[in-house]
Amino acid sequence: MIEILAKRLRECRKARGYTQMQVSIYCDITEKAYQNYELMTREPKIEILMRIADLYDVSLDYLCGRSDEK
């Protein structure tokens, strides 16, 4: 799951044209924390994952790889 999550976080961010810094500010986390999610070295807490899903306008199931439907 973490590999799919990291890949989809990166894909969604790039598709929206956001920088890692912009996403981290929106989620109220450090840029390093967000980088760690994309690098698969840490998993986000559910509260952060929900903010990210809202920002990218996708479902949690999509981000986690449980669905291919955004």
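FYI, it's all coordinate maths here, none of it is from the lab. What you see is a predicted model, and the numbers here were worked out from it, not measured in a lab. Because the Cβ atoms are built from the backbone with ideal geometry, glycine has one as well, and the counts that use them run over all protein chains shown.
For M21 and I46, a Förster radius of 25 Å and the Cβ-Cβ distance give a FRET efficiency of 0.65, rounded to the nearest 0.05. Pair-distance distribution P(r) for the chain, from all Cα-Cα distances in 10 Å bins starting at 0: 22, 65, 13 percent. Any idea which of I48, A15, Y34 is furthest toward the positive side of the dipole for segment 6-52, if Lys and Arg beta-carbons carry +1 and Asp and Glu beta-carbons -1? About the Cα centre, the residue reaching furthest to the positive side is A15.
Paramagnetic label reach from E11 (point 7 Å along Cα→Cβ; backbone nitrogen cut-off under 19 Å): within segment 42-70, residues 44, 49-50, 52-70. Relative contact order of the chain: 36 percent, from C-alpha pairs under 8 Å at least 6 residues apart in sequence. Evaluated with a Cβ-only charge set (Lys, Arg +1; Asp, Glu -1), the chain carries a dipole of roughly 200 debye about its Cα centre, given to the nearest 20.
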